[in-house]
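Q: Supplied in structure tokens, the structure appears directly below.
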Amino acid sequence: MSADTSVPQAVAGLRIGDLAPDFEARSTTGPVRLKEFRKRWLVLFSHPADFTPVCTTEFVELSRKAQEFEHRDCALMALSVDSLFSHFAWLRMIRDRFGIEVRFPIVEDPTLVIGRAFGMVAPQDNDSATVRSTFFIDPRGVIRAMTCYPANMGRSIPEMLRMLDALQAIDAQDGLAPANWTPGQPLLRPPTHDLDEVFKSPGETDWFLRDAPTEDKA
Ligand code: BEZ
């Protein structure tokens with residue numbers, strides 16, 4: 001396994017808008033290279049450890065919803081410090097206990113070279129476990145959103161799907177997703193930068209707070 005050497009190893013401060021650092025690694029579906037996932041959306045997420053209760057529920061629920069990610073043209077990729085053989089044993093246990101086959105790749109990162117490049121572990125942290133980081137990466141390889149949950153709290157899979165829906169709608173309609181936005185609701189129009197439009201707008205908030213035209217209304 002190797003991380004792209006053109007990427008500084010201690011870029012724990014990845015930000016929205018950064019290109020996701022490329023890496024090659026072994027995974028449960030064979031060797032993976034991050035760059036090869038471009039042209040589609042990718043949700044890359046870390047989990048603290050295999051064979052732990054909260055992580056098991058996350059993998060079961062993500063696998064149940066795998067088709068929903070596919071419908072959004074989005075691949076899933078998981079990562080932890082555990083070895084490939086630990087991942088295999090855990091997936092076998094999940095299959096036997098829950099009847100669910102986890103078919104998206106789970107990357108092994110025993111040296112934490114990838115986890116550190118993505119800031120999934122604190123650079124000085126003595127605990128090798130990655131936290132529950134999630135990166136929403138667009139088809140150009142750009143990080144568009146990130147979340148970070150503690151080890152003792154599982155992620156919401158509906159919220160992951162909602163975030164993906166919002167990012168895709170924002171791109172398609174060049175709009176802004178308001179609080180609690182869900183698919184089917186209008187986006188907001190970006191505010192004007194033109195003072196004449198500010199003075200001409202009929203209501204006092206219309207120039208900066210108004211729905212974007214929907215496809216139906218357009
Ligand atoms: C869990 O997935 O249940 C877990 C993992 C690490 C620490 C605590 C809980």
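The values are calculated or read from the model by the stated rules, or taken from the named source; none is laboratory data. This structure is a prediction, so every number in the text was calculated from the model and none was measured. Here the Cβ positions follow ideal geometry from the backbone for every residue, glycine too, while neighbour counts run over all protein chains shown.
Q: Arg140 fails exactly one of the following numbered conditions: (1) outside any helix (DSSP H, G or I); (2) buried (at least 18 other Cβ atoms within 10 Å of the Cβ); (3) basic (Lys, Arg). What is the number of that condition?
A: (2)
Q: Collect the residues in the range 28-62 that are among the charged types (D, E, K, R) and within 16 Å of the ligand (Cβ to nearest atom), keeping them in residue-number order. Give the derivation first.
A: Pass one, the range 28-62, residues among the charged types (D, E, K, R): 33, 35-36, 38-40, 50, 58, 61.
Within the range 28-62, Asp50, Glu58, Glu61 meet the criteria.
Q: Tell me, yes or no, whether the range 60-73 has at least one residue that is acidic (Asp, Glu), surrounded by 17 or more Cβ atoms within 10 Å (Cβ to Cβ), within 26 Å of Arg15 (Cα to Cα) and in the same structural domain as Ser133 (by TED's automatic domain parsing).
A: Checked the range 60-73: no residue is acidic (Asp, Glu), surrounded by 17 or more Cβ atoms within 10 Å (Cβ to Cβ), within 26 Å of Arg15 (Cα to Cα) and in the same structural domain as Ser133 (by TED's automatic domain parsing).
Q: OK, next. For the range 85-130, give me each residue that is at pLDDT 95 or above, among the small types (Gly, Ala, Ser) and outside any helix (DSSP H, G or I).
A: Within the range 85-130, just Gly99 meets the criteria.
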